[in-house]
Structures are given as C-alpha cells and as structure tokens.
Amino acid sequence: MSESRIVLSVRDATLRFDTRTIWEGLDLDVRAGEFIAVLGANGSGKTSLLRAILGQRPLERGTIELLGEPIARGDRRIGYVPQQKLADQGTPLRARDLVALGVDGDNWGIRLPSRARRAAVDALLAAVGATAYAAVPIATLSGGEQQRLRIGQALAGDPVLLLCDEPLASLDLAHQQGVSELIDQQRHERGFGVLFVTHDINPVLPMVDRVLYLAGGGFRIGAPDEVLRSEVLTELYGAPVDVLRVRDRILVVGTPDEAHHDPEPASVGTLYEEGVP
C-alpha cells in the first residue's frame, strides 16, 4: 500500500460554519486501493469532508487535489455512493435505468451509441451482481439491491476515488455485509481509493486500512488499533472515552455527541458502536 500512488491529497484544510470550526489543519492522503473509514459524531464534518472533495463546499483554508490537480466539481474520476434511500412506489425507473444514469453522466442529450451504452450498463450490472433484476422496477427492490445499483452507477466513470456516505445506513446485517464486500471487491479489482463514512466500523473493520476520526475540531488518522484507543479518543474529545473490544466488535463508551447538529441527540454516556451516531 505504501508504494501505491496518491489519488487524493488534502493539505492544511480548515472548514468552518459561521464562527464554528468543524475541523482544521487536516492533512490526508488516500492511495490507490486504500480503504479509509471516516468516523466521528454528528456535526464533526464527515459528510462535509466528502462535499469538499466533490467541490460542493469551499474550504476556509487549505487545498484538495485529485491526482495532483485541484479538485473540480463534477469530476467523473470521483465516484459517490449516498445513503440508502428506498425509491418511492411507482417510480418508473428500472434497475438498468438507474445504472445508465451513471453511464450517461452529465452529457444530457448526448449518449453513447445504443449498443455500446447497453454493453456498458450490462457490464456494470454484472460487476455489482445485479444482472438478475436488471429489468425490475427499482421501487420493488430491497435496500441492499438498490445500493448495489448505486455502486454500479458510481463505478460508471471508472473512478480513481470512491466516496461512500454511510452506504450501510438502514440496511439489515446481511445486506450490510453484502454491500461492504462488494465495495471491497471492486476496490481491489479496479484499484480505486475509498473514503467510507460510517457510524459503525464493525461491518467494514476487516477491510479497513486506516481510520480518520473527526472530533472536537481535530482529527486522528492511522491504523484502527492506533486510533480506536481510549487514550487517543479521550485526548481528541477532551473528555473521558472508553474503547471496548467485545469478541470481534469495537464499542466506544462516553463520546459527547455534538447535540446542536443532531436532530435526535444522544446523551453523554450512552453506549455507542463505533462510530458515534
């Protein structure tokens, strides 16, 4: 991994909302084929980091580069997988239509020749294990099946970086495992880097190379065993935090959630599975 090329470079990055500093002095390199989990409380700036990388939110200070060039909004070399959100009943899109939106990109009215376009969609459906329901309306599919399609859509631009914004949210354990393994498989096969925002690291822990933990306006980055430690998170939060390992799972106790950014704030001392909701 250490010899892989750097696909994303963030230097001295600071993000503020009004007078509140979300994080500052953030330095981060993501290498080709690397899987980085992004953890932290609500309001710590996890999704905002992804938006900054997508060119949707300006930094207060610092730089973000993709393959040595300043990031640009709409760069198809960055794939994006959002939270799972079930399609409304009656949505006319079929599974292959959703993936085709990624193939078409922002070329409204300009598409690949029909045969090439169909072949590209078929290849993406096969890559994410969705061929069997290619012609099925997406509103009738499960959350896990719909997430497979969104991954296929995100892969359409042959990305060098895949941003995943809590893609396991609202999925049952079986679908969490299936979606996690699919992303892991594709990053190994295609060689892209992954930034994976999650409230719970446990479903992806075996796949994670490094953890980026955001809290209290600061950050820590390193291997899971280096970052997910009581003394490290206590220093980061400025309050006592305990990290427990129960069988093969990681639990974090006592993280103070940033309640003014949480529509349903949890109280300090609640037991959280890593990361914090």
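The values are calculated or read from the model by the stated rules, or taken from the named source; none is laboratory data. Values in this document were obtained by computation on a predicted structure and should not be read as measured data. Neighbour counts are summed over all protein chains in view; Cβ atoms, including those assigned to glycine, are modelled from backbone coordinates with ideal geometry.
Give me the residue from the range 144-180 that is of a type in the set (A, V, I, L, M, F, W, C), outside any loop (DSSP other than H, G, I, E, B) and in contact (Cβ under 8 Å) with a residue 40 or more places away in the chain and, out of that set, farthest from L66 (Cα to Cα). Once the filter is applied, the top-ranked residue is L149. Only one of the listed residues (L66, L98, L141) is within 23 Å of the chain's Cα centre (by Cα), crowded, with 16+ Cβ neighbours inside 10 Å, closer than 18 Å to D29 by Cα and in contact (Cβ under 8 Å) with a residue 40 or more places away in the chain. That residue is L66. Out of curiosity, is L244 out of contact with any Pro (no Cβ under 8 Å at 6 or more places or on another chain), part of a strand (DSSP E or B) and surrounded by fewer than 18 Cβ atoms within 10 Å (Cβ to Cβ)? Taking the combined requirement at face value, the residue satisfies it. Filtering the range 149-175 to residues that are surrounded by 19 or more Cβ atoms within 10 Å (Cβ to Cβ) and either over 21 Å from L54 (Cα atoms) or hydroxyl-bearing (S, T, Y) (or both) leaves L171, H175. Taken over the range 9-44, the residue count meeting the criterion of being under 25 Å from P167 (Cβ atoms), in a strand (DSSP E or B) and in contact with an Asp or Glu (Cβ under 7 Å, 6 or more places away or on another chain) is 6. Residues in the range 181-200 that are in a loop (DSSP other than H, G, I, E, B) and modelled with pLDDT of 95 or more were compared, and the one that is surrounded by the fewest Cβ atoms within 10 Å (Cβ to Cβ) is G191. Looking at the range 216-225, which of the residues that are in contact (Cβ under 8 Å) with a residue 12 or more places away in the chain and not in a strand (DSSP E or B) is surrounded by the fewest Cβ atoms within 10 Å (Cβ to Cβ)? Of everything passing the filter in the range 216-225, A223 is surrounded by the fewest Cβ atoms within 10 Å (Cβ to Cβ).
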